[in-house]
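Beneath this line is the structure, given in structure tokens, with notes to follow.
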Amino acid sequence: MTSTPFPYRLVREGVVMTPAPGDPLEAEGVLNPASGRGPDGELYLLPRLVAAGNVSRVGLARVEVEDGVPVGVERVGVVLEPDREFERGTSNAGVEDPRITFIPRLGLHVMTYVAYGPLGPRTAVAVSEDLRGWRRLGPVTFEYDDAIGTDLALFPNKDTVFFPEPVTAPDGTPSLAVLHRPVWDLDEIRAGEGAHPPAALAESRPSIWIAFLPLDAVLADVRELTRWRQNRFLAGPEHPFEELKIGSGPAPIRVPQGWLLLHHGVTGRLETGVAQQQNVNYAAGAMILDADEPWRVRERTAEPLLAAETDDERSGIVPNVVFPTAIERVGDVDWVFYGMADSKIGVARLSRNDPAAP
């Protein structure tokens, strides 16, 4: 990796969505949205809506744009509810933190989301042609690899998102790639069980992994989107703002240097059994993945691109949180949508890290 200044920066613009007063479905916040363009050409956010008791749904809201800048939303409704058994746990239920990637080769919006069920947070997949009607494909399964030496399906998993274009997998197969984030500590599922990181893994903190799905298999049967193969470690915490853990943000986007991946890094203190942590700090960082071998990190930020500094980012259900989850282009500008203190949704401009660049 190079030591030159990171080529991109984030500049906050403002708040685009806050909880609707009196709406019970948004009593504990609107946050961490996915995004996409509908058949009407309009830009939509699919925010996580949190009701009392930390019960989450996925909503749909049209983004209002003025002079090329996202400034607000018009609510459309709810498109995904925790109405399957694998999405309903004993302490809370939910379809949480969706990420959406439109994959042109499939002609589909592919949503990965956290299904908070009886065994805690697990990744599930749904697909849609119009962002409104979603077909669940179910929870993800992981192909066993003796080199890793563990069954990834045993562990909670979050922060999952697909690449928008096929890549060549390490075995040379044209594939879809997906990022995910296993957590090795099983105490919340079985008290006293503790952490079981793979013995072959040097980094036991929650880190970003990458998996591959043969493109031909997915084209033949879209349900193959839930069968993740060739899983491998991609990047772990490396800098002070990532001391506790890191996780992927929006779908990677192609840039001249390779694939630009925004991620979050976490510092502070995590408490076991607490869903809405109060003693952590989430900040946004970024890395460049190799264009041809996206399992290789070429560059990454030593300092956050965006940290919790405003009142909206510092005060909320979970204070001190900047959590990027969506990137969309409006005109010739890329806009990053992010969760603010697990309560609101903000937007920031993604720009070249060059004073002369837009």
Lys and Arg at +1, Asp and Glu at -1: add these up for the other residues within a Cβ distance under 14 Å of Pro39 and post the number. -1
With θ set to phi - 60°, apply the Karplus curve 6.51 cos²θ - 1.76 cosθ + 1.60 along the stretch 230-237 and write out the HN-Hα couplings as whole Hz, x wherever there is a Gly or Pro. 6, 5, 8, 5, 10, 7, x, x
Out of Ile345, Ala291, Ile317, whose Cα points farthest toward the positive end of the dipole of the stretch 216-358 (charges: +1 Lys, Arg; -1 Asp, Glu; placed on Cβ)? Ala291
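Let's test the formula: R0 of 41 Å, r as the Cβ-Cβ distance of Phe86 and Gln257. What FRET efficiency results, to the nearest 0.05? Numbers along the way, then the final one.
Values: r = 39 Å, r/R0 = 0.95.
The pair Phe86/Gln257 has a calculated efficiency of 0.60.
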For Val280, the residues 5 or more places away or on another chain with a placed amide H closer than 5 Å to its own amide H are Arg269
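Around Pro164, with a cut-off of 11 angstrom between Cβ atoms, what is the net charge of the other residues, counting Lys and Arg +1 and Asp and Glu -1? Could you put the intermediate results ahead of the total?
Numbers: positive: Arg105, Arg254; negative: Glu165.
Computed value for this residue: +1.
How would Phe162, Phe6 line up by accessible area, probe 1.4 Å, largest first?
Numbers: Phe162 0, Phe6 20 Å².
Reading off the accessible areas and sorting them downward yields Phe6, Phe162.
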Step through the residues of the stretch 160-176 one at a time and calculate ³J(HN,Hα) from phi using the Karplus curve (6.51 cos²θ - 1.76 cosθ + 1.60, θ = phi - 60°), rounding each to whole Hz and writing x for Gly and Pro. 9, 7, 8, 6, x, 10, x, 10, 9, 5, x, 8, x, 8, x, 8, 8
Using a 1.4 Å probe and counting only protein heavy atoms, arrange Lys158, Lys245 so the residue with the most accessible area comes first. Lys158, Lys245
Which whole-number value in Å² is the accessible area per residue of the stretch 278-358, probe 1.4 Å? 40 Å²
Mind listing the long-range amide H neighbours of Arg105? Cut-off is under 5 Å, sequence gap 5 or more, other chains count too, H placed in the peptide plane at 1.01 Å from N. none
Report the gain in length on full extension from Ala291 to Glu243: 0.36 nm times residue separation, minus Cα-Cα distance, nm rounded to one decimal. 14.6 nm
Per the 1.4 Å probe, what fraction of the accessible area of the chain, in percent, lies on carbon and sulfur atoms? 47 percent
Cα-based shape type of the stretch 90-238, given that a ≥ b ≥ c are square roots of the gyration tensor eigenvalues and the cut on a/c is 1.5: oblate
Cα centroids of the stretch 312-344 and the stretch 11-30: how far apart, whole angstrom? 11 Å
Per residue, how many Å² of accessible area does the stretch 84-225 show with a 1.4 Å probe? 41 Å²
Residue-ordered couplings for the stretch 89-97, obtained by feeding phi - 60° into the Karplus form 6.51 cos²θ - 1.76 cosθ + 1.60 and rounding to whole Hz (Gly and Pro as x), are x, 8, 8, 7, 10, x, 10, 10, 6
Sequence-distant or interchain residues sharing an amide H contact under 5 Å with Asp159, placed H: which? none
Please say if the stretch 49-135 is rounded, prolate or oblate, where rounded means a/c under 1.5 for a ≥ b ≥ c the square roots of the C-alpha gyration tensor eigenvalues, and otherwise the choice is prolate for a/b larger than b/c and oblate otherwise? oblate
In what order, largest first, do Glu303, Glu293 sit by accessible area if the probe radius is 1.4 Å? Glu303, Glu293
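The values are calculated or read from the model by the stated rules, or taken from the named source; none is laboratory data. In this text, all values refer to a predicted model and were calculated from it rather than measured experimentally. All Cβ positions, glycine included, derive from the backbone under ideal geometry; neighbour counts span all protein chains shown. Surface accessibility is based on the protein's heavy atoms, side chains included, excluding ligands, DNA and RNA. Shrake-Rupley method; radii C 1.70, N 1.55, O 1.52, S 1.80 Å.
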